[in-house]
Amino acid sequence: MCGGKGSRLNANSKAKIEKPLLELKNKSLIEYMIEAIQNSKKNFKIYAALSNNTIKTKKFLRSRYFNVVTLVETTGSGFSIDYLNVLRFFKSKEIKEKNGTQDFVNNKILFLPADLPLISSKTIDEITDLKQIYPSISIVVDKKIFIQNNFVPSSFVTEISKIDHCFTGISLLDFHTVAGLENVDQIREGPMIMNNLELVYNINTIGDLKRAEKFIEFQNLK
């Protein structure tokens, strides 16, 4: 998912920055994500959901990952709307192609936001292997972990056992659910707690970027 406006990132910037191309240790955020997916043990096919907000990202992907990443157009009107745009794309693809499900690992679609550069291949595999309790599983993290690491918690919160948990933007969807529904916005969703520090490093500001740099430096010293 890389079609957002990057509103917080560009709040005090004269020149618009496309967040997926923001560099962390001389590598763009989207490169971190693609490499993590490629190094996974799963045989993923990668799709990038873009919009007019991320035209430079689109050009970069076409140039650098031409045979690796399939581009999907969204409106860029917000994560939830873009999510539905992507679901409609896959639903349409399945209808048009006789063997449409061949693109999906175990008939699942894993949604990953491009601004989580520290996510590891191991974590991606663990999420993909989760038991599909709900048609769509949303990964959430204890809100306190964001605060403890000086990150602004997401405003999208759910309470589990009287504890607030923040949505990470990661979700795992059973593809058959999409194929079987008349309207994709009817999908039933449930949270799954994964208090992994990798998922807290959501890059929305330059301050977040600097914290991620320090985290990488610390990990390299171990």
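Here are a few things to note about the model shown:
- Value of Rg/Rh across region 183-222 [Cα atoms, Kirkwood radius]: 1.24
- Percent carbon-and-sulfur accessible area, region 166-217, ignoring ligands, DNA and RNA, probe 1.4 Å: 47
- List Phe215, Phe90, ordered by accessible area with a 1.4 Å probe, largest first: Phe215, Phe90
- Take every Cα pair under 8 Å whose residues are at least 6 apart in sequence, average their separation, divide by the length of the chain, and the relative contact order is 23 percent.
- Chain lengthening between Thr158 and Asn183 when straightened (0.36 nm per residue, less Cα-Cα): 6.6 nm
- Sum of side-chain charges, Pro117 neighbourhood, beta-carbon under 12 Å (Lys, Arg +1; Asp, Glu -1): -3
- Within the shell defined by Cβ-Cβ distances under 11 Å, the residues around Phe156 carry a net charge of 0, with Lys and Arg each +1 and Asp and Glu each -1.
- Here the 3J(HN,Hα) profile of region 196-208, calculated from phi with Karplus coefficients 6.51, -1.76 and 1.60 at θ = phi - 60°, is 9, 4, 4, 7, 7, 7, 8, 8, 10, 9, 5, x, 4 Hz, Gly and Pro shown as x.
- Inter-label distance for Ile193 and Thr70, nm, one decimal - labels placed 7 Å from Cα along Cα-to-Cβ: 3.7
- Cross-link pairs beyond the 32 Å C-alpha cut-off, checked among Lys25/Lys58; Lys91/Lys210; Lys42/Lys162: Lys91/Lys210; Lys42/Lys162
- The Rg/Rh ratio of region 134-201, with both radii computed over alpha carbons and Rh defined as the Kirkwood radius, is 1.06.
- Expressed as a whole percent, the accessible surface of region 113-153 that belongs to carbon and sulfur atoms is 56, based on a 1.4 Å probe.
- Relative contact order (percent, whole number), region 110-222, Cα cutoff 8 Å, 6+ residue spacing: 38
- Mean-position separation - Cα centroids, region 104-142 and region 51-74, in angstrom: 22
- Under a 5 Å amide H cut-off, with hydrogens placed 1.01 Å from N, Leu71 pairs with Ala48 among residues at least 5 apart or on other chains.
- Accessible area, probe 1.4 Å, largest first, for residues Ser28, Ser63: Ser63, Ser28
- Surface accessible to a 1.4 Å probe, per residue, for the residues of region 134-222, Å²: 54
The values are calculated or read from the model by the stated rules, or taken from the named source; none is laboratory data. Just so you know, these numbers come straight off a predicted model, no measurement behind them. Cβ atoms come from the backbone with ideal geometry, glycine included; neighbour counts cover every protein chain shown. Keep in mind that these areas ignore ligands, DNA and RNA; they rest on the heavy atoms of the full protein, side chains included. Shrake-Rupley method; radii C 1.70, N 1.55, O 1.52, S 1.80 Å.
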